Amino acid sequence: MSSLASRALVVSTLLAAPALAAPTEMFTPAVPANDVQFQECRIVNVTGAPQTVTTEAFNSTGANSSGPYTQTLAPGEAGGFSLSGIYGTNYCKFTVNGKATGYRVSIDILEVGTGGAPNRIAVSVAGS
């Protein structure tokens, strides 16, 4: 096989190979919490197939507060984690395969009920 034919074969093989999808990163805004609250990094898989996602939380200086935590979510399943509000202002980072349109992300502030009152979500902020 000539050198030119060999090069043409290599180029056509590279062009025909499926491209590997780069991971997609999504973020929530940073929200403050106090020591009687929990910050919840939440992600929902709205695709039709199981998806592996990684969730992390970072404080206002960019230092890691929690994670990375990797889990596989079934279609329609929610995942993520909670961290104590004692860590202050945090934002969530989600790393997924595929397009961001296949997921819904948020950071929620959960207030713990006292004196028999139920827990409640005080704030829910969508991310992108």
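Miscellaneous remarks
- Matching residues in the stretch 1-32 - criterion: being among the polar types (S, T, N, Q), part of a loop (DSSP other than H, G, I, E, B) and either under 30 Å from SER82 (Cβ atoms) or modelled with pLDDT of 90 or more (or both): THR28
- Within the stretch 61-119, strands (runs of 3 or more DSSP E) holding 1 or more residues that are in contact (Cβ under 8 Å) with a residue 60 or more places away in the chain: 90-96, 103-111
- Condition check for GLY48: within 18 Å of PRO23 (Cβ to Cβ) and not basic (Lys, Arg): no
- Residue in the stretch 86-107 that is in contact with a Ser or Thr (Cβ under 6 Å, 6 or more places away or on another chain), of a type in the set (Gly, Ala, Ser) and buried (at least 19 other Cβ atoms within 10 Å of the Cβ) present: yes
- Selection from the stretch 33-45 of residues that are surrounded by 14 or more Cβ atoms within 10 Å (Cβ to Cβ) and outside any strand (DSSP E or B): ALA33
- Answer from GLN37, GLN51, GLN71 - the residue that is in contact with a strand residue (DSSP E or B) (Cβ under 6 Å, 6 or more places away or on another chain) and under 22 Å from VAL112 (Cα atoms): GLN37
- Residue pairs meeting the criteria (Cβ under 6 Å; at least 6 apart or on separate chains; first within 18 Å of ILE109 (Cβ to Cβ) and without any contact (Cβ under 8 Å) to a residue 60 or more places away in the chain, in the stretch 36-57; second buried (at least 22 other Cβ atoms within 10 Å of the Cβ) and of a type in the set (Gly, Ala, Ser)): THR55/GLY80
The values are calculated or read from the model by the stated rules, or taken from the named source; none is laboratory data. Since this is a predicted model, take the numbers as computed values, not measurements. As a convention, Cβ positions derive from the backbone with ideal geometry for all residues, glycine included, and neighbour counts pool all protein chains shown.
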